[in-house]
1. Could you tell me how many of the residues in region A:213-222 are more than 13 Å from ligand 1 (Cβ to nearest atom) and either crowded, with 20+ Cβ neighbours inside 10 Å or more than 13 Å from chain B (Cβ to nearest Cβ) (or both)?
2. Name the one entry in B:Ala64, B:Ala87 that is over 14 Å from the mean Cα position of the chain (by Cα) and closer than 20 Å to A:Leu167 by Cβ.
3. Looking only at region B:39-63, filter to residues that are farther than 30 Å from B:Gly25 by Cα and more than 16 Å from ligand 1 (Cβ to nearest atom); which one of those is nearest to the other protein chains (Cβ to nearest Cβ)?
4. With respect to A:Arg353, is the statement that it is open to solvent by 20 Å² or more (accessible area, probe 1.4 Å), modelled with pLDDT under 95, in contact with a strand residue (DSSP E or B) (Cβ under 8 Å, 6 or more places away or on another chain) and not in a helix (DSSP H, G or I) true?
5. Given (1) open to solvent by 30 Å² or more (accessible area, probe 1.4 Å); (2) within 11 Å of chain A (Cβ to nearest Cβ); (3) not charged (D, E, K, R), where does B:Gly90 come up short, assuming only one miss?
6. Condition first: away from ligand 1 (no atom under 11 Å from the Cβ), open to solvent by less than 40 Å² (accessible area, probe 1.4 Å), on the phi < 0 side of the Ramachandran plot and not small (Gly, Ala, Ser). Can you find one or more residues in region A:22-39 that meet it?
7. Under 8 Å between Cβ atoms, at least 6 apart or on separate chains: pull out the pairs that start in region A:31-50 with a residue that is farther than 24 Å from B:Arg122 by Cβ and end on any residue that is within 16 Å of ligand 2 (Cβ to nearest atom).
8. Can you name the residue in region A:115-153 that is small (Gly, Ala, Ser) and at pLDDT 95 or above and, of all such residues, is nearest to the chain's Cα centre (by Cα)?
Amino acid sequence: MVSRKDYDVLVVGGGPAGLSAALSAAENGARTGIIEREDRLGGILKQCVHDGFGLVRFGEQLAGPEYARRFADRVVEATSKGTVLATHLGAFVHAARRETCGDGGVRYVLECVSRDEGVFVAAARSLVLATGCRERTDRQVFIHGERPAGVFTAGLAQHLVNIEGLLPGHRAVILGSGDIGLIMARRLFLEGVEVEGVYEIKSEPSGLSRNVRQCLEDFGIPLNLSTTVTAVHGDRRVQGVTVASVDRRGTPIPGSERYVECDTLVLSVGLIPENELAVSLGLALDPATRGPRVDQEGRMAEAERADEGIFVCGNALHVNDLVDYVSESGEQAGRAAALFAAARREGVPIPERELIPVKAGSGFLYAVPQFIDRARGGKAVLYFRVNATRAEGGVVRVASGGATVLKKRYAVLRPPEMERLEIDVAAVPEGATQISLELADKGEGDGR
Amino acid sequence: MGAKRKFVCVVCPRGCALEVETDEGGLLVGVSGNACRRGEDYARSEIADPRRVLTTTVAIRGAALRRLPVKTAGAVPLGRLVEVCRALDGLIVEAPVACGDVILRDLCGLGVDLVATDSLERA
Ligand SMILES: Cc1cc2nc3c(=O)[nH]c(=O)nc-3n(C[C@H](O)[C@H](O)[C@H](O)COP(=O)(O)OP(=O)(O)OC[C@H]3O[C@@H](n4cnc5c(N)ncnc54)[C@H](O)[C@@H]3O)c2cc1C
Ligand code: SF4
């Protein structure tokens, strides 16, 4: 017999997004279950031993595990005290499906495998997906050559060093200047690995400026911009790589090739939201964020499924650079999921939604959420990224139906830095068909 | 002759690009580019004595995991980070450890403690 656990809210993933979602769902009265495939709560933060987490939320620079503890300890306490929260650790959700409840509503059923509990299913009216993101691998990056041992993604290298206590090699080259790659350059250097340099195909670093300074400049590690790795050499183990300068389109310039000796190549070429479960449940992904399309509470926005309670938060929704915002999105989703489940259980009709699409105009990479439910009222948080550096800053105008909902000036705008806006939903005019984000130069946008 | 230097403030994720002017004696004359007061304080200490918080891991015995994440409770001189790391290479901590526990007092005579940044139970 496969055992079955019923909850009001089920949270998949015990990283910062899932922890916040579960805590806020439980605080709002929902019987909440967390399903996490690893043996410990905390998600990716367990291996992020560097500090810099929690500045926005706690005003302190915490190490990753320290930040995660603040939430994980509360979850453990809530679990030991009562029935509201249950945590299934070492449990992997391998499939999700829908089931119709006696009252005609939808329920989500998760099929799980766990070392301790064997095979079990968990079911709930509200489902919160907090599955985080995964790293792009060399398969998705175009490199010629053999595939010898010694090629690692930055996250894997981080796991080896910080969790297993193993060094990946003696002399490393880092491809890609994303934050994890920069952090690993410093980490490897401090562990005694020679870090030959970081190579970035773009003309500017893709990580935060502070990480370029405190991870590379502090230790004299060279950052080679507009340069990439074109080949990996070595039979069984990496012996070296060929690097080459690239032109504006990112194409290697003939004659600029140079051989670099190394036994380790670390790839820090980006993260992709993890959404297998969302896709298996029929949710469409936004091509810009690679996450599902949601409203300001993280609730799925597919209009034809108006009675459904799937919520998405954290890195599963879009790749965040600050964990503080990951926690914020988890809280919103958890609370909304609890209220949704309660209403369904009590047979309260689901309020009509008034989903207005958010359109990020030219100059933006994306904006999240993709819809604002005007019927919800109150405040809504919008996150966005620009697609190119604006060293002179700019003015972002949120407009709808001819009205200006919000205008905000920024001293600098850079793609690695996600920005946050809070809008007053009531300022969106009735009958509006779109909410648009427009970017203007400082002078123009002033409207004075 | 004074000097002008440009560096990024690392106090918060905003990462303001500071322009820092010093006089002949190496003392701070002026800072621009900082969005808040902390940027100025940072520039002052960065010029006189750059310091960083060290985050790393140490070996642990008796827990389900092999490494315990740690940090220095305060900033240590940038130029001594490598030396401090090597000094920790041989250290083995005994589980259980709670987040915030002091692992070593007065690390390398720097007047700064080493503290745990995670809790690891006895397995
Ligand atoms: C290397 C690195 C460095 C970073 N540095 C900083 C920094 O300096 N400062 C900062 O503020 N932020 C930083 N961040 C960002 C921040 O840590 C992340 O944005 C945040 O941890 C994401 O939280 P999450 O809960 O969405 O995902 P995760 O932490 O990835 O958690 C997802 C969880 O879901 C579980 N899971 C996934 N699928 C399943 C399934 N099918 N069944 C069961 N469980 C599942 C996973 O095991 C995991 O525990 C960094 C991120 C990384 C990766
Ligand atoms: S100057 Fe202030 S706002 Fe700018 S990075 Fe430093 S601490 Fe942050």
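1. So the answer is 3.
2. Values: B:Ala64 fails: closer than 20 Å to A:Leu167 by Cβ.
Testing whether each residue is over 14 Å from the mean Cα position of the chain (by Cα) and closer than 20 Å to A:Leu167 by Cβ leaves just B:Ala87.
3. Here the answer is B:Ala59.
4. When the stated conditions are applied, A:Arg353 passes them.
5. (2)
6. yes
7. none
8. Our first condition is that a residue be small (Gly, Ala, Ser); within region A:115-153, this holds for A:118, A:122-124, A:126, A:130, A:132, A:145, A:149-150.
Filter once more, keeping what is at pLDDT 95 or above: A:122-124, A:126, A:130, A:132.
Numbers: A:Ala122: 25, A:Ala123: 25, A:Ala124: 24, A:Ser126: 21, A:Ala130: 9, A:Gly132: 6 Å.
This residue is A:Gly132.
The values are calculated or read from the model by the stated rules, or taken from the named source; none is laboratory data. On a predicted model such as this, the values are computed, not experimentally measured, just so you know. Glycine gets a Cβ as well: all are built from the backbone with ideal geometry, and neighbour counts include every protein chain shown. Please note that ligands, DNA and RNA were not included when accessible areas were found on the heavy atoms of the full protein model with its side chains. Shrake-Rupley method; radii C 1.70, N 1.55, O 1.52, S 1.80 Å.
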